[in-house]
Amino acid sequence: YATVRHPDTNYVSNQDGTSLAVVTSCNTTYRPSLYQLFNYVKSWRQFSNHGDPNYVAIVDGKEVKPLTESHGHYTSIEVIHDGVHSDLGGSGGHMSNPDIAAFDPIFFLHHCNVDRLIAIWQAINPNAWLDEADLKGSGPLDKKIINEGTFTQKPGVPLTEDTPLAPFRKSETEFWTSKGFDNFLVHYRDVVALGYTYCELKDHIDPSKDPKSCDRYKSEELKKYVVDLYRPNVHVQNHWQLTATVKKNAAGGPYVLRVFIDIDHADEHTSTHSPNFAGQISIFARNKNTQCANCKAHPDAVVHGSVDLTNCMQALNIDLNRNSLNPDQIKFVAIGTNNKKRLIWEDLVIKADLFKYDESAVDHKKWSKTHVSSVYPSRN
């Protein structure tokens with residue numbers, strides 16, 4: 001078969017469906033998520049992972065901290081990455097399936113843009129990286145980053161900054177590593193050291209800083225530029241956001257969690273072009289029969305995602321400046337990506353919370369957030 005996106009009943013790509021899905025998510029998901037990512041996320045672990053460090057699984061009646069512990073918060077590069085896969089592939093499309101996504105040529109364009117977003121975030125947060133214990137492989141075993149095994153690495157071995165990134169060679173005898181110091185001034189986490197850059201970086205170089213330093217950029221100036229670029233609505237004082245922690249593998253494959261406001265009858269057929277549709281969280285999970293060893297080793301993996309509710313609230317004339325949105329006005333609809341079947345969202349969602357962000361100050365550093373209420377489980 002040829003590469004397909006949003007295939008119809010004849011397994012032929014639906015170009016209009018693909019375009020509509022992407023355009024819709026640009027407004028409801030990508031833009032607000034990127035805005036949150038660049039403005040609020042400062043930790044590398046929070047930026048790079050969409051898990052929840054506070055989630056505790058119940059196994060045989062006992063509380064167990066999953067090995068998949070990670071540090072998702074607000075949003076992450078993974079949340080944005082997964083959403084693009086879902087929107088481009090659609091139900092049954094290549095990009096929606098982790099096992100065959102790379103057969104679609106747009107996979108590589110997508111990941112090039114992910115690299116660009118990472119480079120911008122690193123320029124804004126030049127000193128953000130893993131903890132010393134992570135880098136050196138020290139500390140207790142349950143706090144180490146354990147390798148599940150690859151084609152070139154044995155399973156069960158702690159990963160450090162010196163772990164070879166095979167098969168990517170630095171020379172005929174060396175592989176690249178996450179540390180990658182050529183000397184004490186150049187760090188290969190900086191894309192310039194790898195021989196390329198992006199226009200956002202090039203336009204915000206600080207000439208007063210060492211040109212070989214990771215911290216060569218006007219970080220605050222660059223941050224203001226991208227935050228203003230992606231901010232969903234510069235004309236409102238308060239932005240509202242829903243955060244949710246969901247079970248990644250509980251549906252046996254990829255799925256989406258759609259969020260609606262003030263529509264009791266929402267189901268899998270409710271249009272995402274309805275004014276009541278706020279956005280969705282895409283879960284880029286492998287199918288239950290996958291041969292992925294890492295997936296099998298972490299059946300309790302969780303995803304921490306978010307949906308900006310501001311635009312939807314405005315469309316429904318809900319006051320943004322007061323706590324006028326009640327948790328029972330928020331409705332979830334979970335749908336399997338591959339079969340479009342409705343799922344029981346209560347079996348997938350662990351918790352969901354409502355936040356309000358006060359962004360009235362001109363200085364971004366003075367913006368604040370307030371936890372308004374728990375949406376699920378309800379505390380009424």
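The values are calculated or read from the model by the stated rules, or taken from the named source; none is laboratory data. Only a predicted model underlies this, so the values are computations on that prediction, with no experimental measurement involved. A quick note on method: Cβ atoms are made from the backbone with ideal geometry, for glycine too, and the neighbour counts reach across all protein chains shown. Surface accessibility is based on the protein's heavy atoms, side chains included, excluding ligands, DNA and RNA. Shrake-Rupley method; radii C 1.70, N 1.55, O 1.52, S 1.80 Å.
Between residue 12 and residue 340, the contour length at 0.36 nm per residue exceeds the alpha carbon distance by 116.4 nm. The mean accessible area for residues of segment 279-327, using a 1.4 Å probe and ignoring ligands and nucleic acids, is 46 Å² per residue. The distance from the alpha carbon centre of segment 209-235 to that of segment 272-309 is 30 Å, rounded to a whole number. With the simple spin-label model, which puts each label point 7 Å out from Cα in the Cβ direction, the residue 319 to residue 194 separation comes to 5.0 nm.
Past 24 Å, Cα to Cα: identify those pairs from 42/218; 224/366; 179/248; 154/296; 247/296, in the order given. Table pairs above 24 Å Cα-Cα are 179/248.
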